[in-house]
1. Here is a check on your reading of the model: is Glu148 crowded, with 19+ Cβ neighbours inside 10 Å, among the acidic types (Asp, Glu) and either at pLDDT 95 or above or closer than 25 Å to Phe66 by Cα (or both)?
2. So is Leu139 modelled with pLDDT of 95 or more, assigned to a helix (DSSP H, G or I) and crowded, with 18+ Cβ neighbours inside 10 Å or not?
3. Among (1) of a type in the set (D, E, K, R); (2) exposed (fewer than 13 other Cβ atoms within 10 Å of the Cβ); (3) at pLDDT 80 or above; (4) part of a helix (DSSP H, G or I), where does Arg89 come up short?
4. Tell me which residues, restricted to region 92-109, are modelled with pLDDT of 55 or more and either surrounded by fewer than 19 Cβ atoms within 10 Å (Cβ to Cβ) or more than 15 Å from the chain's Cα centre (by Cα) (or both).
5. Collect the residues in region 153-167 that are over 15 Å from the mean Cα position of the chain (by Cα), at pLDDT below 95 and assigned to a helix (DSSP H, G or I), keeping them in residue-number order.
Amino acid sequence: MQNRTPRIPEQPAPNRADLDARFSVELASVVTGARRRALRDGDRQIDTAHLLHSLIESDPTVRDAFDGGPRLAKVLGYLVQRSIGYGLRWQGSVEDSGAVPVVRDTEVEGWSPSAVTAMEEARRRAALRGEPRPGGLDLLAALAADKECRAVEVLARAGVDAAWLADRAAELTAEASPQV
């Protein structure tokens with residue numbers, strides 16, 4: 001019998017220095033969790049909803065951005081529903097919000113174009129503050145700002161205004177940054 005579960009292609013494990021150069025310790029943990037979630041869900045790629053789920057689970061500053069338990073509980077409830085069945089309608093499809101034109105030469109295997117764009121935007125946000133690596137709030141702001149990604153669809157279905165959340169994450173990031 002043939003296994004019908006799509007597989008994320010094996011990727012050589014980056015060495016610690018490579019990982020540290022791209023992500024903060026917190027975001028490296030988020031990426032690991034998102035990859036594990038994608039594999040468990042039978043998805044071919046890490047998408048923005050996987051990143052959002054992992055981000056909420058692993059980063060307390062991200063949970064604080066939701067400004068209270070009811071919003072966060074609704075989002076987590078919806079993400080859990082997605083992981084046990086709702087996400088099946090997304091299986092086998094590539095998430096591409098269209099926020100940035102997809103350039104085939106720069107695609108990252110095992111990642112949706114929207115997830116790659118979110119990670120690049122998080123790095124850009126951190127760089128604007130003079131930070132070498134993005135943190136969880138940078139990624140949350142980037143995810144919430146992409147109106148067409150799966151993470152924003154999850155937020156909308158849970159009743160969370162993505163624009164408000166993007167602004168809130170950016171505000172908290174600015175507050176946490178050392179003043180120059």
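The values are calculated or read from the model by the stated rules, or taken from the named source; none is laboratory data. For clarity, every value in this text was computed on a predicted model and none was experimentally measured. Every residue, glycine among them, receives a Cβ derived from its backbone with ideal geometry; neighbour counts consider all protein chains shown.
1. Numbers: crowded, with 19+ Cβ neighbours inside 10 Å: no; among the acidic types (Asp, Glu): yes; either at pLDDT 95 or above or closer than 25 Å to Phe66 by Cα (or both): yes.
Taking the combined requirement at face value, the residue does not satisfy it.
2. On the way: modelled with pLDDT of 95 or more: yes; assigned to a helix (DSSP H, G or I): yes; crowded, with 18+ Cβ neighbours inside 10 Å: yes.
Answer is yes for this residue.
3. (3)
4. Residues satisfying the conditions are Glu107, Val108, Glu109.
5. Those that are over 15 Å from the mean Cα position of the chain (by Cα), at pLDDT below 95 and assigned to a helix (DSSP H, G or I): Ala156, Arg157.
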